[in-house]
Amino acid sequence: MTRILVILDGAAEPLWPWPSTLEEARMPALDVLCDRGAVARVATTPAGLEPGSEVGIPTLLGAPPSAPVDRGLVEAAAAGLDVPAGASAWRVDLHHPDGRRAVTAEALLLAPDVARALPDHDVQHLKGHRFLAVGTTRPELRAVAALDAFVWADGAGLDPVLDGTTTVVAAPGAASGCARLLGARVVNPQGATGDVGSDLAAKAGAALHALRDGARTVVVHVGGADEAAHHRDRLGKRVMLEAADTDVIGPLARAAAAHGGTIAVTSDHATCVETGRHHGDPVPAVIAGPGIARGGAVRLHERLVVRSPIWDGPFTPAPSSAQEARR
């Protein structure tokens with residue numbers, strides 16, 4: 001059976017007394033899926049691990065990590081870079097002292113300073129606040145000009161448990177890197193940036209093309225809501241969620257129905273728009289399609305699912321949870 005998974009990166013948020021952006025956003029296509037599908041929560045951050053895309057995405061793809069994932073190797077795989085024998089790759093982030101991520105213009109302006117500070121490494125700017133440093137020793141860098149520098153910790157790789165029957169449509173970034181390391185086919189559509197300016201229609205088009213080519217599982221990653229949350233931009237996050245509903249969820253829900261398949265929508269982790277930080281609580285999820293009994297909340301947001309069952313994955317709801325009476 002055809003399976004479609006839409007990952008709204010960082011869409012969920014911790015439960016606050018006021019509405020979340022998922023609660024505020026107008027997402028009619030997602031509401032329809034909730035009306036005819038099963039709604040609950042998915043645990044995307046295994047116990048003992050920090051929440052992040054390098055953990056949540058493999059978990060959603062059926063390969064939950066048992067140890068922290070090496071984000072440098074994920075970024076290198078996303079960029080299509082071969083790490084030489086005897087060397088390793090480290091991701092390096094630039095932040096303002098108050099925790100805000102540096103924007104692309106700031107990072108590009110400081111790129112020569114980052115390279116000079118790491119003369120024994122091959123340094124390249126990835127996007128936004130992100131850099132990649134390849135070398136034989138861990139980079140030692142704490143600050144560049146007025147910005148703080150953070151070098152990600154070493155970690156484990158991801159085993160190739162998937163194959164070409166799974167296609168992941170994403171911008172060059174964590175989703176692409178995780179998918180390549182896991183063995184899936186990866187498509188980076190032109191105009192897909194992973195940020196608030198990403199061409200979501202191009203992602204949907206690439207997913208539809210993969211379905212026509214016979215892919216059994218198609219995953220579409222949408223990163224803009226997470227980026228907006230990291231910049232503490234509530235309006236930007238809401239706009240990205242609404243755009244994803246129109247340009248991605250709606251067309252793919254129609255395609256799933258046409259193929260007699262299932263479609264699931266969830267997030268890889270929560271990102272608080274108030275603090276810009278990740279959270280590892282289970283995230284709202286919906287699955288709809290043949291054999292999926294209607295049940296759970298009538299909309300997909302944190303307040304309505306706070307007491308809902310927790311599934312192991314987006315395509316594996318427990319039989320009892322699918323029969324849960326609607327709230």
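The values are calculated or read from the model by the stated rules, or taken from the named source; none is laboratory data. These figures come from a predicted structure and were not determined experimentally. In this analysis, Cβ positions are derived from the backbone assuming ideal geometry, glycine residues included, and neighbour counts consider all displayed protein chains. Only protein heavy atoms, including side chains, enter the accessible area calculation; ligands, DNA and RNA are left aside. Shrake-Rupley method; radii C 1.70, N 1.55, O 1.52, S 1.80 Å.
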Arg303 and Asp35 label points (each 7 Å along its Cα→Cβ direction) are spaced in nm at 2.1
Cα-based shape type of region 188-327, given that a ≥ b ≥ c are square roots of the gyration tensor eigenvalues and the cut on a/c is 1.5: oblate
Calculated [θ] (222 nm, deg cm²/dmol) that DSSP helices of n ≥ 4 give over the chain, each run adding -39,500 (n - 2.57): -8500 deg cm²/dmol
Most fluctuating of Leu33, Leu73, Leu108 in the GNM of the chain (C-alpha, under 10 Å) is Leu108
Obtain the nm distance between the two label points defined at Glu24 and His209 by a simple spin-label model: each point lies 7 Å from its Cα along the Cα-to-C-beta direction. 3.6
What residues qualify as long-range amide H neighbours of Val144, i.e. H under 5 Å apart, gap of 5 or more or another chain, H built at 1.01 Å from N? Ala149
Percent relative contact order for the chain, counting Cα pairs under 8 Å at least six residues apart, stands at 32
If you take the beta carbon distance between Ala47 and Phe150 as r and set R0 to 25 Å, what does 1/(1 + (r/R0)^6) give as a FRET efficiency, to the nearest 0.05? 0.55
Please report, in debye to the nearest 20, how large the charge dipole of region 242-282 is about its Cα centre when each Lys and Arg carries +1 at its beta carbon and each Asp and Glu carries -1 there. 160
Please report the spacing between the Cα centers of region 283-316 and region 129-153 in Å, no decimals. 39
For the chain, with all protein chains present and a 1.4 Å probe, just round the carbon and sulfur fraction of the accessible area to a whole percent. 54
When the Karplus curve 6.51 cos²θ - 1.76 cosθ + 1.60 is applied with θ = phi - 60°, which whole-Hz ³J(HN,Hα) does each residue of region 80-94 get, with x for Gly and Pro? x, 9, 8, 7, x, 4, x, 10, 9, 10, 10, 7, 10, 10, 10
Just how large is the dipole of the chain about the Cα centre, in debye to the nearest 20, putting +1 at every Lys and Arg Cβ and -1 at every Asp and Glu Cβ? 900
Can you give the FRET efficiency for Ala67 and Asp312, using 1/(1 + (r/R0)^6), R0 = 22 Å, r = Cβ-Cβ distance, to the nearest 0.05? 0.70
Given charges at Cβ of Lys, Arg, Asp, Glu: the chain dipole, positive-most of Gly291, Ala179, Leu73: Gly291
Å² of accessible area per residue within the chain, as computed with a 1.4 Å probe and no ligands counted: 41
